[in-house]
Amino acid sequence: MAPALSTSTAVRGIVCMVVSGVLATAQDAVMKWLTTGYPVGEILFLRALFAYIPIGLLIWNAGGRACLRTNSAASQILRGLLVTGATLIFVIALKLLPFADAIAASFTAPLFVTAFAAPLLGESVGWRRWTAVMVGFAGVLVMLRPGVSLELAMLIPLVSAVTGAFRDVFTRRIIPHENAAGTLFYSFTIMFLISGATLPFSWTTPTAFDLGLLVAAGTMFGACHYLLILAYRYGEAAVVTPFAYTQLLWAVVVGYLIWDQLPDIYVLAGAILVAGSGLYILHRAARRRAA
């Protein structure tokens, strides 16, 4: 009976990961839609505000106020700054780029995490994973297509991916000593405060419909992070993480249905190289843990 139970639990983890990708894609689409009429700082502020709804439920489920204790306020602030920076840059990318292109470029983050893990965490990265990183970066060059028609705007989500990689590497350093729910709360609070500071300089009163979209986006944003936590609780990373790449499919579908945009052959080819190298890096990491 044990194998059946294990399989059932892994399936729940996969479902959580897929649904998390759907919610992430949906709220990214809302962000792109709203950037045509509202300042980015205002959008981030209102999304962070409404994200406190699912975050509050997560904190309550994790033990209430006790999970907000932290061993290093400075570490929480630094992570919050990295989260805010990566999110801000990515929303700008959503505003300037076709939807699926921005999502595809954001999936370079695991490549940067692997590259940074060796110097910053002291992790051993073998030649196979370094080769996969190089293949992934070749995919990035295909998406940028230098010498053909250089897409400078594609650099924006890459900067977001680099910032996000620093966030993830730093998270791996502090999370053994911090509560996950509390860390999520502090990161959102930093984003809430920084984006709120921009409101006196740029504010457009949202319509009732757009306010509803922001409520939905904030709720989905918090919910997708909660589902990510559940996904890794139910299933091993090697099992559930590959299903995060289903977000690329949702992005293509949403981009076509809403904006009538399809990624060109360069973005598709580059995305395949990036996704393939990311999956191979995950496979090698899982084999190392098993060994």
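Rule-based calculations on the coordinates, nothing more; no lab input. Computed from a prediction, not measured in an experiment: that's the story for all the values here. A quick note on method: Cβ atoms are made from the backbone with ideal geometry, for glycine too, and the neighbour counts reach across all protein chains shown.
Put a dot 7 Å past each Cα toward the Cβ at THR36 and ILE258; how far apart are the dots in nm?
Going from the ILE258 label point to the THR36 one covers 1.0 nm.
Under the classification rounded if a/c is under 1.5, otherwise prolate if a/b is larger than b/c and oblate if not, where does the stretch 139-244 fall, given a ≥ b ≥ c as square roots of the Cα gyration tensor eigenvalues?
Cα axes put the stretch 139-244 in the oblate bin.
Find out how many positive minus negative residues lie around LEU214, taking Lys and Arg as positive, Asp and Glu as negative, among other residues whose Cβ is under 15 Å from that of LEU214.
-1
Quick check on the stretch 18-140: take the gyration tensor over C-alpha atoms, sort the square-rooted eigenvalues as a ≥ b ≥ c, and tell me if it's rounded (a/c under 1.5), prolate or oblate.
Oblate, because a/c is 1.5 or more while a/b does not exceed b/c.
Rounded, prolate or oblate, given the Cα gyration tensor of the chain, with a/c below 1.5 counting as rounded?
Rounded, because the longest to shortest axis ratio a/c is under 1.5.
Assigning unit charges at the beta carbon (Lys, Arg +1; Asp, Glu -1) and nothing else, what dipole magnitude in debye, to the nearest 20, does the chain show about its Cα centre?
So the dipole magnitude of the chain works out to roughly 940 debye.
Under a GNM of the chain (C-alpha, springs under 10 Å), which listed residue has the highest mean-square fluctuation: ALA269, ALA48, ALA24?
ALA269
Take LEU49 and ALA74, extend 7 Å from each Cα along the Cα→Cβ direction, and tell me the distance between the two endpoints in nm.
Placing both labels 7 Å along Cα→Cβ, they lie 3.4 nm apart.
Highest mean first, how do 252-263, 82-93 rank when packing is the count of other Cβ atoms within 10 Å averaged over residues?
82-93, 252-263
Taking the Cβ-Cβ separation of PHE209 and LEU96 as r and a Förster radius of 25 Å, what is the calculated FRET efficiency to the nearest 0.05?
Rounded to the nearest 0.05, the efficiency is 0.55.
Placing unit charges on C-beta atoms (Lys and Arg positive, Asp and Glu negative, everything else neutral), compute the dipole magnitude of the stretch 203-291 about its Cα centre in debye, rounded to 20.
With only Lys, Arg, Asp and Glu charged at Cβ, the dipole is about 640 debye.
Only counting other Cβ atoms within 10 Å, I'd like VAL113, VAL274 sorted with the fewest neighbours first.
VAL113, VAL274
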